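Chemist: Provided herewith is a single structure, encoded as structure tokens, for subsequent inquiry.
The values are calculated or read from the model by the stated rules, or taken from the named source; none is laboratory data. Quick caveat: nothing in here was measured; it's all calculated off a predicted structure. Here the Cβ is made from the backbone with ideal geometry for all residues, glycine too, and neighbour counts use every protein chain on show.
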Amino acid sequence: MSDIQENLSKALNRSKSYLLAAARGDKALFLTYAKEKQDPSTEASAWTALALSTYEDEAALQAAFAIKQFLLDSQNQDGGWSTKPGAGRSDWTSAPALMSLRAIDQIQNKSTAKQNINFAFEYLLDSRYFAKPATRLVTLVAKGSGALNKDRGWPWDPDCFHWIEPTAYALLALNIPKRPERNRVAIEHALGKAEDFILDHACKGGGWNHGNDITLGAPLPAYRLTTAEALLALQARKKEAKVETGLEYLQSWASQDTSSLSLAMSILALSAYGRDCRQEVQFLMARQESDGNFTANITTTALSTLALAAYLQKRSPLFF
């Protein structure tokens, strides 16, 4: 085993211990955003379950399965999830929850979530961005009926505009292999529209920011984190020129030690496309504390774990 592999294995063992210690709950494990007492977090629980599912030992897998049960129990009646159980209407955290359910369900001996997964697919299909009636009328008058069938992604909240990040999460959730047979045509249509939405909003010079690439006629800058998220979501469109320029933009950040979250997402995206990310891995490992965390935010530690596991194992639940 090379030095880098040995160091990665040690780092992953530390982060596993940290995530297992952070899990809490009497009847089902769940995760909060930080280790101090807080409400359960759908997002933190989903990413942690995914991270723990990359280990082969019994303790990590059993914890992942228990968190999966927490997600099943906290699913809303419309098929989605709220930021935390009982917080109100479903929102963007439905995508990480579905992503986690789908990935973990496939590694258990038998599926226990087929109905919940089908229900969540229907929620995601229904929760894409739809312009308000007044906006549609103005669009119709100004640009014609063709403009009403514009590319669209997903919002953070049902009343919000569509943005790159929630759209990327939804695409990841829907693109994990072995999609349900029902609604196949609707799913493929939604995937195509969402991918086109991301591609249409690529920034000048490569990469993506949080939403529009141009505002009031001025080009907007791309960001490392959102570029990595967009590239992860566009794995099915690898031959697109904007994907290539996005990868070049992301690799231009290789020498910059920005944040644990941006490094983790960069490693995942570059690894998904077979690009070199050794410098990013070195930066991320150097950020790990002795107790295994990469920052106080548990979601970031879970994503950092996913990233290092993907680099070491050459596979990931987020690769398709």
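Chemist: Which one of Ala218, Ala170 is aliphatic (A, V, I, L, M) and buried (at least 20 other Cβ atoms within 10 Å of the Cβ)?
Modeler: Selected residue: Ala170, the only one of Ala218, Ala170 that is aliphatic (A, V, I, L, M) and buried (at least 20 other Cβ atoms within 10 Å of the Cβ).
Chemist: Still on this structure, I have one more. Output the number of the condition that Lys239 fails; it satisfies all remaining conditions of (1) over 20 Å from Leu52 (Cα atoms); (2) touching a residue at least 24 places away in the same chain (Cβ under 8 Å); (3) charged (D, E, K, R).
Modeler: (2)
Chemist: Report yes if some residue within region 269-277 is of a type in the set (A, V, I, L, M, F, W, C), under 14 Å from the mean Cα position of the chain (by Cα) and within 19 Å of Ser316 (Cα to Cα); otherwise report no.
Modeler: Yes, the conditions are met somewhere in region 269-277.
Chemist: Of the residues that sit in region 181-195 and are crowded, with 16+ Cβ neighbours inside 10 Å and not hydrophobic (A, V, I, L, M, F, W, C), which one is nearest to Ser304 (Cα to Cα)?
Modeler: Glu195
Chemist: Ser271: buried (at least 16 other Cβ atoms within 10 Å of the Cβ) and of a type in the set (Ser, Thr, Tyr), yes or no?
Modeler: yes
Chemist: Specify which of the listed residues (Asn76, Asn109) is more than 19 Å from the chain's Cα centre (by Cα), at pLDDT 95 or above and assigned to a loop (DSSP other than H, G, I, E, B).
Modeler: Just a single option satisfies the conditions, and that option is Asn76.
Chemist: Still on this model: Which of the residues spanning region 235-255 are in a loop (DSSP other than H, G, I, E, B) and of a type outside the set (Asp, Glu)?
Modeler: If the condition is that a residue be in a loop (DSSP other than H, G, I, E, B) and of a type outside the set (Asp, Glu), then Lys238, Lys239, Ser252, Trp253, Ala254, Ser255 are the ones that fit.
Chemist: If a residue has to be polar (S, T, N, Q) and closer than 14 Å to Leu12 by Cβ to count, how many in region 269-318 make the cut?
Modeler: Of the residues in region 269-318, 7 are polar (S, T, N, Q) and closer than 14 Å to Leu12 by Cβ.
Chemist: Has region 210-225 got at least one residue that is without any contact (Cβ under 8 Å) to a residue 60 or more places away in the chain and closer than 21 Å to Arg315 by Cα?
Modeler: So far as region 210-225 goes, yes, one or more of its residues are without any contact (Cβ under 8 Å) to a residue 60 or more places away in the chain and closer than 21 Å to Arg315 by Cα.
Chemist: Here are the criteria: (1) over 19 Å from Trp163 (Cβ atoms); (2) assigned to a helix (DSSP H, G or I). Tell me which single one Leu232 does not satisfy.
Modeler: (1)
Chemist: Quickly run through region 256-280 and pick out the residues that are of a type in the set (Asp, Glu) and either in contact (Cβ under 8 Å) with a residue 40 or more places away in the chain or assigned to a loop (DSSP other than H, G, I, E, B) (or both).
Modeler: Across region 256-280, the qualifying residues are Asp257, Asp276.
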